[in-house]
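The values are calculated or read from the model by the stated rules, or taken from the named source; none is laboratory data. Remember, predicted model here, so these are calculated numbers, not experimental data. We place every Cβ from the backbone using ideal geometry, glycine too, and count neighbours over all the protein chains shown.
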Amino acid sequence: MAAITRLLKPSSPISSLLKRSGSTMVSEIESPRPNFSDPKASRNFQWVFLGCPGVGKGTYASRLSNFLGVPHIATGDLVRAELSSSGPLSTQLAEIVNQGKLVSDEIIFNLLSKRLEAGEKKGESGFILDGFPRTIRQAEILDEVTEIDLVVNLKLREDVLVEKCLGRRTCSKCGKGFNVATINAKAEDGRPAISMAPLLPPSQCADKLIIRADDTEEVVKARLNVYQETSKPVEDFYRDQGKLLEFDLPGGIRASWPKLLEALNIDESEDKRSALG
Ligand SMILES: Nc1ncnc2c1ncn2[C@@H]1O[C@H](COP(=O)(O)OP(=O)(O)O)[C@@H](O)[C@H]1O
């Protein structure tokens, strides 16, 4: 794995470059190509998680980020934080998100570069991006500003995705995500059977659970359509670069996590095991 993942450090902070790319003058960007001649300039993992709404990008990206010691950055979380901040963008964002549409690339670049900048100030390096890039333009700009080492594409049958989204709950106090759905989908039409136990909250979170406003059946279906039309091509973008690792989730976390580590060639007994919680 080290060979795939330990590439070299970009010469400028990705946050400032993403900010500049918020304008349409993408061609103006001076790409900070990795400096392969400096063997000391090794950097941390720069991974992307792709997959349909409800597939579990947040769950697995967050576990891996603890395991690998890099921040998990979910653009959906950044959008929701902005939404609840009652800042100038919040009304506009609520309208877009609650219809299941994508926020403009400019707004996303802006939120992401602010998050990366704050992380750089705290000494963060590397990342697992979740929910970004979601358009070809976002993928192209990300490619202009830094090197992505690996893209994990999580996959699950669509009927299960809807059930999972409808079962999602978040603790309004600690922010942790849970799922109250018990999934037992039978094998049919060439789709494999899949069972997933619910991921229930501990007692201190049980009375603080909230449901995302965009997790209604109608909006989930709209988001799945947007994914097929706009985000699916991003898979091809990375497939063509030879960076896409396809991973069909075999079931819930218990069944999937060890298999995912195996697919990533990560030994679970490595020193970061304690981070798993
Ligand atoms: N990279 C992005 N580009 C455009 N819009 C985004 C992006 N990331 C998040 N959003 C907005 O935030 C919403 C929630 O995103 P996310 O939490 O990633 O949801 P999902 O469960 O659909 O994967 C999206 O439906 C979209 O409106």
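Observations on the model:
- In the set (1) of a type outside the set (Lys, Arg); (2) within 16 Å of the ligand (Cβ to nearest atom); (3) more than 23 Å from Asn265 (Cβ to Cβ), Glu124 fails one condition alone, (2).
- Condition met for Thr182 (hydroxyl-bearing (Ser, Thr, Tyr), under 17 Å from the mean Cα position of the chain (by Cα) and surrounded by fewer than 20 Cβ atoms within 10 Å (Cβ to Cβ)): no
- Of Ser90, Ser104, all but one fail to be more than 10 Å from the ligand (Cβ to nearest atom) and hydroxyl-bearing (Ser, Thr, Tyr); the exception is Ser90.
- Hits in the range 219-250 - residues which are away from the ligand (no atom under 16 Å from the Cβ) and aliphatic (A, V, I, L, M): Leu244, Leu245
- Only a single criterion out of (1) part of a loop (DSSP other than H, G, I, E, B); (2) within 29 Å of Asn225 (Cα to Cα); (3) at pLDDT below 95 is not satisfied by Leu102, namely (3).
- Condition check for Gln228: within 29 Å of Ile96 (Cβ to Cβ) and surrounded by fewer than 15 Cβ atoms within 10 Å (Cβ to Cβ): yes
- In summary, Arg191 fulfils each of the numbered conditions (1) without any contact (Cβ under 8 Å) to a residue 60 or more places away in the chain; (2) more than 21 Å from Leu50 (Cβ to Cβ); (3) out of contact with any Gly (no Cβ under 7 Å at 6 or more places or on another chain) with the single exception of condition (2).
- Members of the range 43-95 that are of a type in the set (A, V, I, L, M, F, W, C), crowded, with 18+ Cβ neighbours inside 10 Å and assigned to a helix (DSSP H, G or I): Ala61, Leu64, Phe67, Leu68, Leu78, Val79, Leu83, Leu93
- So Leu209, is it within 22 Å of Leu64 (Cβ to Cβ) and in contact (Cβ under 8 Å) with a residue 12 or more places away in the chain: no
- All helices (runs of 4 or more DSSP H) inside the range 188-274 with 3 or more residues being modelled with pLDDT under 95 and within 22 Å of Ser62 (Cα to Cα): 253-263
- Count of residues meeting criterion [modelled with pLDDT of 95 or more, within 16 Å of the chain's Cα centre (by Cα) and within 25 Å of Glu262 (Cβ to Cβ)] in the range 157-179: 1
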